[in-house]
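Below: the structure, in structure tokens.
The values are calculated or read from the model by the stated rules, or taken from the named source; none is laboratory data. Predicted model, so just to flag it, every value in this text is computed and none were measured. Here the Cβ positions follow ideal geometry from the backbone for every residue, glycine too, while neighbour counts run over all protein chains shown. Accessible surface is based on the protein model in full, side chains and every heavy atom, while ligands, DNA and RNA are left aside. Shrake-Rupley method; radii C 1.70, N 1.55, O 1.52, S 1.80 Å.
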Amino acid sequence: MSAHASPLPADEGVPAEQTPGTVTVRRSPRYGVFAGVGAALGIVVAMILATAFDGTSDPSPFTEVVYSPSQTFGFILLWCVPAGILLAMIVALVLEWTIGRRTQQVTAVRETRAD
């Protein structure tokens, strides 16, 4: 496809009005990617914390239940994943405020077709 070719098939009987103009282009972070990376980092931190702190085989003083390492990992995961997502979204917002201020003026052609 050449640089001037239209991505849509041209209708022979429908004239298109082309109006050149200037538009502002601004970059913004992809928040879904930041949330996914934050969740992944939360899982990694939960794994590290669950293996670093073995705990005890004594029952809990409050519930009198002995928790397995996988249960402990799950409890830590409940705190680390939302915290990782929150921190990643804060980073994305800071990037939006700093990098998002840079805008570019670009010339674009608007096509209006009479249907």
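Measure off, as a whole percent, the carbon and sulfur share of the 1.4 Å-probe accessible area of the range 59-115, all protein chains present. Write out the running numbers ahead of the final one.
Values: 3180 of 4710 Å².
Heavy-atom surface of the range 59-115 belonging to carbon and sulfur, 1.4 Å probe: 68 percent.
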Inset, instruction - Calculate one ³J(HN,Hα) per residue across the range 97-110 by plugging θ = phi - 60° into the Karplus curve 6.51 cos²θ - 1.76 cosθ + 1.60, and present them in order as whole Hz with x for glycine and proline. - result: 5, 8, 7, x, 6, 6, 10, 10, 8, 10, 8, 10, 10, 9
Inset, instruction - Pairs of Cα atoms under 8 Å, at least six residues apart: use those to get the relative contact order of the range 28-115, whole percent. - result: 46 percent
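If you roll a 1.4 Å probe over the heavy atoms of the protein chains, what accessible area per residue do you get for the range 62-105, in Å²?
Details: 3530 Å² over 44 residues.
With the other protein chains kept in place, the range 62-105 gives 80 Å² per residue.
Could you work out how much longer the chain between Phe75 and Tyr31 gets when fully extended? Use 0.36 nm per residue separation minus the Cα distance between them, nm to one decimal. Walk me through the numbers before you get to the answer.
On the way: separation 44, 0.36 × 44 = 15.84 nm, distance 2.61 nm.
Contour length minus Cα-Cα distance gives 13.2 nm.
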Legend entry - Label-to-label distance, nm, for residues given as Val106 and Glu64 (7 Å Cα→Cβ offset): 6.8 nm
Legend entry - the range 35-44 - phi-based ³J(HN,Hα) in whole Hz, Karplus 6.51/-1.76/1.60, Gly and Pro as x: 5, x, 5, x, 5, 5, 5, x, 5, 5
